[in-house]
Every structure is written in structure tokens, then in C-alpha cells.
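The values are calculated or read from the model by the stated rules, or taken from the named source; none is laboratory data. All values reported here derive from a predicted model rather than from experimental measurement. With ideal geometry, Cβ positions are generated from the backbone for all residues, glycine too; neighbour counts draw on all protein chains shown.
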Amino acid sequence: MRIAESGQNLLNRISFAVNRLGYRKRTEQTYSYWIKYFLNYNRTKPAQGLCTEDINRFLQHISNRNKSPTSVNAAINAINFFFKHVLEREMGQLDPIHRPKAPKNLPVVFTHQEAMKILRAMHGTHRLMASLLYGSGLRISECVQLRMKDVDLSLRTLHVKCAKGKKDRVTLFPEKLIRPLSQQLQWRKSLHDYDLSLGKGYVELPNSLRKKYPAAEQALGWQYLFPSAIVRMDKTFNVERRWYTSTRTLQKAVKRAIQIAGVHKHGGCHTFCHTFATELLRAGYDIRTIQELLGHTSVQTTQIYTHVVKQGPHEVRSPLD
């Protein structure tokens, strides 16, 4: 997918706007993909000349290519961001037909026995990470982006920074993970000491923090708990950084463990998070507590799990039973 040089300059401005607003790297990648697609589709017009009709035609185009409602809404959000923060104007009123409603399917969940069987089929760091997904209710992006300072062994706390809805939160710290987390922290410190000995040890930081505390880029507390195996160049700042591990490797490890465990469900990393919520509901925890642990902005998002769980005396039973 190629765009003109002027379009490339716009993409650089998109990256700057995303970083200025403190959005995650994944958000930047998603926005860049859809905006690049949109600009390429409208390559005969300058960006400043694009209007609502151009957006509607583009949305019709991707709908005709059988894109899911989730993808279409992601495209709309990206284009809205582009108009508001890059072109600095409103994108106008879209045709309502192009605002599809994503189907609200009930989430797939594991039983506790299935979850533990899958975890036992895993090893090393991947097992620890998957255990955090299930034991702490972390999303995969939150897990891979945990920093050293987010884990406090003495207070038994696990801090999740800038999570979904941009709300920081403290979630459950599984007692069973104290020893493996302690070992991971020690190993990570050794790796950081090695990086420092090579004149490296830099990590990605939010723009505002990097400008205010430049030395924090090499501080131990800001290092990712689950780092990538290699150090890569950050071309924006011309410095080598050790980023967090790829989500894809954990996804593959979980998929493989599901097969080994003989669990015949279409599950993955996020299924552990769904299972975390349903297990807490079964244990009698109230919906507001679970909402806070998951970092949901609205309790309505959390309530979907009540449809998965049998609610004790409130359960509706068939007259045949």
C-alpha cells in the first residue's frame, strides 16, 4: 500500500499526535494502517480537500470487501482522529448506515479445570505470563507491557498502567506466583545490568516522562518485565532500546498448550481474562469489584459475564428439570 510523499509526511504527523496524547503503540499501528488505507483510496485528492463524502465512499468500499463491523468502526475511529488531530477540523456527519453495530456474542470461557490443564501444558516465561492472564485478569497487551516497578512483592500488589479506558488500576496478586515473579525480577535485573555494561539499557517511555526525567530511560524500574530477546533501534530518537516481548509469541504458546491439553474450545489469551471474571462471579464477588479489577469504564461491559455464569438462586430453571 503506497502513498505519496505528502501522505508520508501526514503519517509522521499522526505518529506525533498519537505520542502527544499518550496512546499505546498498538493504537498508533491501527490508526496508521486505516489512515494510510484511506489516503491511498483517495490518492487523487489532497488531504485538506477530503470531505465527508470521501469518507462515506471509503467506508462503503471496505464494507463491500466484507470487513467486520469491528474493523469498520476501527476505520471510523482512525479517520476521526486524523481529521481532528492532524487536519484539525471535524470530519462531518457520516451516513448512519456506515456505523455498524458489532454483534454482542457471549465470551468463550474455560472451566477452572481446563484453565489449569492448559497452564500445566506450558513452561517458563510463557507459563508465568499466561498465569497472570488468568490469575490477575490481565489482557495480553497489559501483561507484555508490565514494567519492573509495577510488581511489588512486599505489598503483594500488581499495578496496571494506562489500561483499557486509560485508567490505571491495581489488580489481584496470585500468591502462587510470588516465587516465579521473584525469579523473573531477578533475571530481568541481570539482563539490564548486562545491557548497561554495553552502554545500552534504554527503554521506551511516554513522551512527557522522557522529557522531564531523561535518565529514567535507563532506570531499572521502567524496564519491561517481559523483554524482547533482541535490542532494536528506535529510529525516531536514534537510540537502541529493549522493547517488550511480542504478543504473537505468547498467543502461539497458548494456542499450542490448548491443543496439548485437549481443550476443544476456540480459546486464546483473552479467554483467560474472561475466565478470571466468570470465576470471580461464581465465587460471589459483586459486579462492581470485578469491574474495578478489569479496569472497565462502564459496568455494562462487565455485566456480559453475568450471562455466562449461573446465578445461584436467581437461576431460571426449566420445568423439566
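Observations on the structure shown:
- Number of residues in the range 208-230 that are in a helix (DSSP H, G or I), farther than 22 Å from Ala17 by Cα and of a type outside the set (Gly, Ala, Ser): the value is 3.
- Members of the range 136-187 that are part of a strand (DSSP E or B) and either on the phi > 0 side of the Ramachandran plot or under 13 Å from the mean Cα position of the chain (by Cα) (or both): Val160
- Condition check for Lys255: outside any helix (DSSP H, G or I) and either at pLDDT 90 or above or closer than 14 Å to Val109 by Cα (or both): no
- Sub-8 Å Cβ pairs linking a first residue in the range 52-69 that is outside the structural domain of Glu90 (by TED's automatic domain parsing) to a second residue that is among the hydrophobic types (A, V, I, L, M, F, W, C), at least 6 apart or interchain, number zero.
- Condition met for Arg232 (at pLDDT 90 or above and more than 23 Å from Val151 (Cα to Cα)): yes
- Some residue of the range 5-14 being over 23 Å from Asp234 (Cβ atoms) and at pLDDT 90 or above: no
- Unmet criterion (only one of (1) in contact with a helix residue (DSSP H, G or I) (Cβ under 9 Å, 6 or more places away or on another chain); (2) assigned to a strand (DSSP E or B)) for Met233: (1)
- Within the range 127-141, considering residues that are touching a residue at least 60 places away in the same chain (Cβ under 8 Å) and in contact with a Lys or Arg (Cβ under 9 Å, 6 or more places away or on another chain), the one surrounded by the most Cβ atoms within 10 Å (Cβ to Cβ): Leu133
- Filter result for Ser190 (over 25 Å from Leu294 (Cβ atoms), without any contact (Cβ under 8 Å) to a residue 60 or more places away in the chain and in the same structural domain as Val299 (by TED's automatic domain parsing)): yes
- Considering Leu172, Leu177, Leu155, the condition of being free of Cβ contacts under 8 Å to residues at least 60 places away in the same chain and surrounded by 13 or more Cβ atoms within 10 Å (Cβ to Cβ) is satisfied by Leu177 alone.
- Of all residues assigned to the range 116-135, at least one qualifies as being touching a Ser or Thr at 6+ places or on another chain (Cβ under 7 Å) and on the phi < 0 side of the Ramachandran plot.
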